[in-house]
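Take a look at the structure set out below.
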Amino acid sequence: MVIAALLRRLGEILVQERLTTPDVVEQALARAKATGERVGEALVAVGAVKSEDVLRALAEQQSLAYLSRDELPSPLPIVKNLSPKYLRQYTVCPVSIENGLLTVATADPLNTVVLDDLRQFTGLAVKLVVSSAEAITEAIDRTYDGAATPLQRIVEGMEDEGAGEEEDVNHLRDMAFEAPVVRLVNLLVENAIDAEASDIHVEPFEDTLRVRYRLDGILFDQEAPPRRLQAAVTSRIKLMAEMNIAERRLPQDGRIRVTVRGRRVDIRVSTIPTVHGESIVMRLLDRSSVFLPLEKLGFASAMLRRFEALIKRPHGILLVTGPTGSGKTTTLYGALDKINSPDRKIITVEDPVEYQLKGVNQIHVKPKIGLTFATGLRHIVRQDPDVILIGEIRDLETAEIAIQAALTGHLVFSTLHTNDAPAAITRLQDMGVEPYLVASVLEGVLAQRLVRRICAACRVPDTPNAADLEALGIEGAGGRPLSRGRGCDECRGTGYRGRTGIYELFPITEDARSLILKRAPSREIRRCAIEAGMVTLRMDGWLKACEGVTTVEEILRVTQEDA
């Protein structure tokens, strides 16, 4: 009876996930009793569900993590006393070893005998995760059968390059030009471009060299070279970015321009010294890709109309706010493209120029030679522009020049780092800008975030969690059908593929100008904006969740600070 109750709970999970029906589960239970099969095996045998669905449900039932094929490490960590024969026999594989804890993937989490064996053989505490038998077998084959990945084939036979602090500069330069090192770094970049990653992170630790790609705003671990090649990889990247490879104690910035499979890609490179070596981040900017027009950025139709009205004003300041990587520049480029015409002169001052706009004069700031946002802006206003884009307002000097430009008949676009739209006003005042100037020139503020889209290939219906809806501030929508991604090869098991924007547009009304002049706190200005009809970030996100574009969990992830 205990086993039957346990199996029924597994069936209930599958029914709750809408992967089968109660009648089918009852039939599977009857078959399981007759044949001795487990209910999951019976459900798979009759074709009711996939084996992967059963494993995911089993993982949920046992409160264990589920790892997809791509989430298993390659190669697997080698653990003493665990032979390939044993791993294949019981379909288990080691995933990681940290602080005396061995994490093991299994296709049969109910097999307690294997768990006891693993503890006894290794002398370590053991934590189980669940993965499919096929994924585990492939991982074992890759590690032990010589089915090497391209990176493993490059690394094979490479000598220990060393990574000592006293490494000779000439030796570092020689290493950077060695063919295997060149191929290795090229492979890291090519794989990132193929995966449509926005960033590559190369991070040295005491025993490992970690490589991660940022995909749709989230970092994912990738196959990494061995730690012994850290000096060679770092030197190669710094040489490509025209950095000083002898300087390892100070941060450096550089740029790489490459063409991969006909695509022109600019790579911004940043290095910082850490305890175990230089950490490198490479931001990928695809020159061959065309930035998206405003209509494709995820604006609701009513909000898009109001935003287009603001960007067509003859003068004033329009601000776009949000954290780094929230798509502010893309939105402003879309706005410039919308109003770009032969009768308008548009000049931008940016750090860096991310996309080249036809018919727009773009300036790349160079602080090392004194070309800052403020100095560039002083000279821009003498060039008789109609529209000015400032990459970011970072200080009082830049803010004051931007305001003077707006007061003298220019339309100025720029960005700020604030959590919501009304907070931009207090941020300008905190910089030292007088309230009467803010009230005079500010026409509107747009706050935005990027949320991941539900993968179209594995979209399934979903019922929102009551606690999540409460956190979002939504009431009375507990039974509303939403969507989520189950996870598939197309989305690397995440359930998401691609991103879109959620927005909060705050046109400055006369009531808001009065509050600005009174130095009202941000919460009062926000209340005034909402009363005037402002759709908040979370409400815009909820509307997109209702349309099946994203999930409530994703909205909460990117708007947590706005609670």
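So for segment 7-21 (the condition being part of a helix (DSSP H, G or I), small (Gly, Ala, Ser) and modelled with pLDDT under 80), does at least one residue qualify? The answer is yes, given that some residue of segment 7-21 is part of a helix (DSSP H, G or I), small (Gly, Ala, Ser) and modelled with pLDDT under 80.
Could you run through segment 483-506 and say how many residues are in contact with an Asp or Glu (Cβ under 7 Å, 6 or more places away or on another chain) and either assigned to a strand (DSSP E or B) or open to solvent by less than 70 Å² (accessible area, probe 1.4 Å) (or both)?
Taking segment 483-506 and keeping what is in contact with an Asp or Glu (Cβ under 7 Å, 6 or more places away or on another chain), we get 483-484, 492-493, 496-499, 502-504.
Then drop every residue that is not either assigned to a strand (DSSP E or B) or open to solvent by less than 70 Å² (accessible area, probe 1.4 Å) (or both), which leaves 483-484, 493, 496-499, 502-504.
Summing the residues that are in contact with an Asp or Glu (Cβ under 7 Å, 6 or more places away or on another chain) and either assigned to a strand (DSSP E or B) or open to solvent by less than 70 Å² (accessible area, probe 1.4 Å) (or both) in segment 483-506 gives 10.
Applying the criterion of being open to solvent by less than 50 Å² (accessible area, probe 1.4 Å) and in contact with a Phe, Trp or Tyr (Cβ under 9 Å, 6 or more places away or on another chain) to the residues of segment 516-535, the residue that is farthest from Leu442 (Cα to Cα) is Val535. For segment 290-346, which positions are under 23 Å from Leu428 (Cα atoms), open to solvent by less than 30 Å² (accessible area, probe 1.4 Å) and of a type in the set (Val, Ile, Thr)? Once the filter is applied, which keeps residues that are under 23 Å from Leu428 (Cα atoms), open to solvent by less than 30 Å² (accessible area, probe 1.4 Å) and of a type in the set (Val, Ile, Thr), segment 290-346 yields Ile311, Ile317, Val320, Thr321, Thr331.
One residue stands out in segment 406-436 among those that are open to solvent by 30 Å² or more (accessible area, probe 1.4 Å) and among the aliphatic types (A, V, I, L, M): the one that is farthest from Ile311 (Cα to Cα), namely Met431.
Take Val281 and decide whether it is surrounded by fewer than 18 Cβ atoms within 10 Å (Cβ to Cβ), in contact with a strand residue (DSSP E or B) (Cβ under 6 Å, 6 or more places away or on another chain), modelled with pLDDT of 95 or more and under 30 Å from Leu537 (Cβ atoms). Lay out the reasoning, then the answer.
Numbers: surrounded by fewer than 18 Cβ atoms within 10 Å (Cβ to Cβ): yes; in contact with a strand residue (DSSP E or B) (Cβ under 6 Å, 6 or more places away or on another chain): yes; modelled with pLDDT of 95 or more: yes; under 30 Å from Leu537 (Cβ atoms): yes.
The answer is yes for Val281.
Determine, yes or no, whether Cys546 is surrounded by fewer than 20 Cβ atoms within 10 Å (Cβ to Cβ), under 19 Å from the mean Cα position of the chain (by Cα) and under 23 Å from Ala457 (Cα atoms). Judged against the criteria, Cys546 is not a match. Among the criteria (1) open to solvent by 20 Å² or more (accessible area, probe 1.4 Å); (2) of a type in the set (Gly, Ala, Ser); (3) at pLDDT 90 or above, the one Ala563 does not fulfil is (3).
If the requirement is being of a type in the set (Lys, Arg), outside any helix (DSSP H, G or I) and either open to solvent by 10 Å² or more (accessible area, probe 1.4 Å) or modelled with pLDDT of 95 or more (or both), which of these qualifies: Arg513, Arg557, Arg480?
Among Arg513, Arg557, Arg480, only Arg480 is of a type in the set (Lys, Arg), outside any helix (DSSP H, G or I) and either open to solvent by 10 Å² or more (accessible area, probe 1.4 Å) or modelled with pLDDT of 95 or more (or both).
Would you confirm whether or not segment 169-176 contains a residue that is modelled with pLDDT of 70 or more, open to solvent by less than 20 Å² (accessible area, probe 1.4 Å) and farther than 21 Å from Glu247 by Cα? Write out each step before concluding.
The first filter runs over segment 169-176 and keeps only residues modelled with pLDDT of 70 or more, leaving 169-176.
Restricting the remaining residues to those that are open to solvent by less than 20 Å² (accessible area, probe 1.4 Å) gives 172, 175-176.
From what is left, the residues that are farther than 21 Å from Glu247 by Cα are none.
Scanning segment 169-176, I find no residue that is modelled with pLDDT of 70 or more, open to solvent by less than 20 Å² (accessible area, probe 1.4 Å) and farther than 21 Å from Glu247 by Cα, so the answer is no.
As a summary of the residue check, Thr372 satisfies the conditions (1) open to solvent by 40 Å² or more (accessible area, probe 1.4 Å); (2) out of contact with any strand residue (DSSP E or B) (no Cβ under 7 Å at 6 or more places or on another chain); (3) closer than 24 Å to Ile339 by Cα; (4) not charged (D, E, K, R) except for the one numbered (3).
The values are calculated or read from the model by the stated rules, or taken from the named source; none is laboratory data. Keep in mind that what you see is a predicted model, and the values were worked out from it rather than measured. Don't worry about glycine lacking a Cβ; one is built from the backbone with ideal geometry, like all the others, and counts go over all protein chains shown. When the accessible area is computed, the model is the full protein with side chains, heavy atoms only, and any ligands, DNA or RNA have been set aside. Shrake-Rupley method; radii C 1.70, N 1.55, O 1.52, S 1.80 Å.
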